[in-house]
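The values are calculated or read from the model by the stated rules, or taken from the named source; none is laboratory data. These numbers were taken from a predicted model, which means no experiment stands behind them. Neighbour counts are summed over all protein chains in view; Cβ atoms, including those assigned to glycine, are modelled from backbone coordinates with ideal geometry. Only protein heavy atoms, including side chains, enter the accessible area calculation; ligands, DNA and RNA are left aside. Shrake-Rupley method; radii C 1.70, N 1.55, O 1.52, S 1.80 Å.
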Amino acid sequence: MQYNEVMVRYGELSTKGKNKKIFINRLSQNVKAALRDFPQVKVHGERDRMHLELHDADSEEVLKRLKSIFGIQNYSPVMKLDRDMEQVKQVAVEMVKEQYAPGKTFKIATRRADHDFELDTNDINQLLGGEVLRNVEGIKVQVKKPDITLRVEVRLNGIFLSCETIQGAGGLPVGSSGKGMLMMSGGIDSPVAGYLAMKRGVEVEAVHFHSPPYTSPRALQKAKDLTAKIAAFSGSVQFIEVPFTEIQEEIKKKVPEGYLMTVTRRFMMRITDRIREQRKGLAIFNGESLGQVASQTMHSMIAINDVTNTPVLRPVVSMDKNEIIDIAQKIDTFDLSIQPFEDCCTIFAPPAPKTKPDLEKTREFEARLDVEGLIERAMEGLVFSEISVGDTLAAQQEETFSALL
C-alpha cells in the first residue's frame, strides 16, 4: 500500500523537559537531511510526535531511511483520510489484509481527539471490526496481544489509520550533544566509534589522514564509503582529508623505529585538535580499544594524549574485537572495512613498535622535527567534502552505468 503519511514517536526526547523543543528541532533537521532527495516530503515536528506528509513520495524508501535516524523510538506508516466512514472502512480492510497471514488475530484500537465526532470509540471499533471480519477470511478478534492492531485516530483534520509499528534507532538526535572530530581510518573500529558517538547525539566530522603515493586513491575512497555508511544515522557527515605524506616521511627519517607509531599518532592528534578548534568541536573521538594493538596500551595513550588537553573519547575502549565486529556488521561497515586497501598507519607501521613508550624519550625524538611547520603545511592542504548517505563509489559507478544505458 502507498501510504500518505508517516507518524514518528520520540524515544528519550520525552524526558527532556524544557529542552524538548531543541531536541525535536534537531531531529526534524536530521530527518530532512536523510530525505534530501524527497523534497516533496513535509516534516512537522510537534511536541508529542512528528508527522511526515509524503505527497506521493515512495513510502517504502522513506520508511527505510527513517530506520537509522537516532532520536526515533518507533514510527508507523499512516493513511490520512477524510472523515468519511465508508472510505475508512475500505482502507481499514486493505491495511489489515496487507498484514494478515492464516492464523493471525486482530483488534481495532480507536482514539478520539475530536469528542464531538458522531461515533464514539466503541462504535468505531465495532463498525471497523465487523467490516474486517466480513472481508478477511479466517481472521479472528483477539483483544489481548493480537497479531495485528489497527489504530484509528479521529481528529479535527481527518481520520488516521495505522497498522504497523517499526522500531527506530533510539538514542538522541545527532547534533543535540554538540560536535566532535572522529579520527576515521579505513579499519573496523573507527566507524563503530563514530556510530556510538552519534547514538548519544554527537555530530561527528570525519578526519582522515592519507599519504599518497604510499596510500592509494582507493584507500581514500574506502574511508569515504565508510563515512557514507555512518551518514545514514544523521543524513550527512563532513569528511576532512589531511595530507600526511611529508609528516610520515620526516618521522621515518628522524625517529627511532620503535617510536615511529607513537610520534605519528601524536601528530595525528595535534592536527585533529587543530581542526576541532577551527570547526568549533568539543571533543575528539577515535576507535581505540584497550590492548588491541601496540598504540592502544595505556602507556601509549598517555604518550599520545600528552599533546592535547581536549577530551579524547574512545567509545569502543572496553570492547573486544568480536563485540566491535558485531556492531560493524549491524551498521553494514564490516565488509567495507576488511577490503585490502591499507591506510597510512598500516603502510608505515614498524615491525616492533613500543608498547610502553617513555614520555620523555617521545618528546625528545619528536623535537628533532619541525613540528609546527609540518602541521601548518598539512593544515593548508585540508580538503573538505560533505558526504551523504548512499554517496559510495559503488553507487556512483551504478549511476554512471545507468546514465550510459
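Here are the numbers for this structure:
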{"item": "From the options 240, 275, residue that is in a helix (DSSP H, G or I) and in contact (Cβ under 8 Å) with a residue 60 or more places away in the chain", "result": "275"}
{"item": "Single residue of the stretch 214-249 satisfying the filter (open to solvent by less than 30 Å² (accessible area, probe 1.4 Å) and aromatic (Phe, Trp, Tyr)) that is nearest to the chain's Cα centre (by Cα)", "result": "233"}
{"item": "Matching residues, the stretch 86-123, being open to solvent by less than 70 Å² (accessible area, probe 1.4 Å) and either among the small types (Gly, Ala, Ser) or over 19 Å from residue 163 (Cβ atoms) (or both)", "result": "92, 101, 103, 109, 114, 117, 119, 120, 123"}
{"item": "Pairs with Cβ under 6 Å, 6+ apart, first in the stretch 383-400 and over 12 Å from residue 37 (Cβ atoms) and open to solvent by less than 70 Å² (accessible area, probe 1.4 Å), second part of a strand (DSSP E or B) and modelled with pLDDT of 55 or more", "result": "383/241; 385/239; 387/237; 387/239"}
{"item": "Any hit, the stretch 156-165, residues being open to solvent by less than 20 Å² (accessible area, probe 1.4 Å), of a type in the set (Ser, Thr, Tyr), in contact (Cβ under 8 Å) with a residue 40 or more places away in the chain and touching a Pro at 6+ places or on another chain (Cβ under 8 Å)", "result": "yes"}
{"item": "Filter result for residue 193 (touching a strand residue (DSSP E or B) at 6+ places or on another chain (Cβ under 6 Å), assigned by the TED database to the domain that holds residue 360, outside any helix (DSSP H, G or I) and not basic (Lys, Arg))", "result": "no"}
{"item": "Subset of the stretch 137-153 that is in contact with a helix residue (DSSP H, G or I) (Cβ under 7 Å, 6 or more places away or on another chain) and buried (at least 17 other Cβ atoms within 10 Å of the Cβ) - its residue that is nearest to residue 99 (Cα to Cα)", "result": "148"}
{"item": "Residue within the stretch 122-135 that is in contact with a strand residue (DSSP E or B) (Cβ under 7 Å, 6 or more places away or on another chain), of a type outside the set (Gly, Ala, Ser), over 12 Å from residue 108 (Cβ atoms) and not assigned by the TED database to the domain that holds residue 68 present", "result": "no"}
{"item": "Test: residue in the stretch 137-150 that is at pLDDT 95 or above, closer than 30 Å to residue 206 by Cβ and hydrophobic (A, V, I, L, M, F, W, C)", "result": "no"}
{"item": "Residue 67 open to solvent by 40 Å² or more (accessible area, probe 1.4 Å), under 21 Å from residue 204 (Cα atoms) and within 22 Å of the chain's Cα centre (by Cα)", "result": "yes"}
{"item": "Qualifying positions in the stretch 284-304 - modelled with pLDDT of 95 or more and surrounded by fewer than 17 Cβ atoms within 10 Å (Cβ to Cβ)", "result": "none"}
{"item": "Hey, residue 186 at pLDDT below 90 and either open to solvent by less than 20 Å² (accessible area, probe 1.4 Å) or not polar (S, T, N, Q) (or both) or not", "result": "yes"}
{"item": "Filter result (open to solvent by 20 Å² or more (accessible area, probe 1.4 Å) and outside any helix (DSSP H, G or I)) within the stretch 313-324", "result": "313, 314, 315, 317, 318, 319, 320"}
{"item": "Selection status of residue 327, in a helix (DSSP H, G or I), among the hydrophobic types (A, V, I, L, M, F, W, C) and under 20 Å from the mean Cα position of the chain (by Cα)", "result": "yes"}
{"item": "Residue that is in contact with a helix residue (DSSP H, G or I) (Cβ under 9 Å, 6 or more places away or on another chain), under 19 Å from residue 53 (Cα atoms) and not acidic (Asp, Glu), where the choices are 88, 96, 78", "result": "88"}
{"item": "Tabulated pairs, the stretch 297-319, first farther than 11 Å from residue 287 by Cα, second open to solvent by less than 20 Å² (accessible area, probe 1.4 Å) and of a type in the set (Lys, Arg), C-beta under 8 angstrom, 6+ apart or interchain", "result": "303/266; 304/266; 306/266; 307/266"}
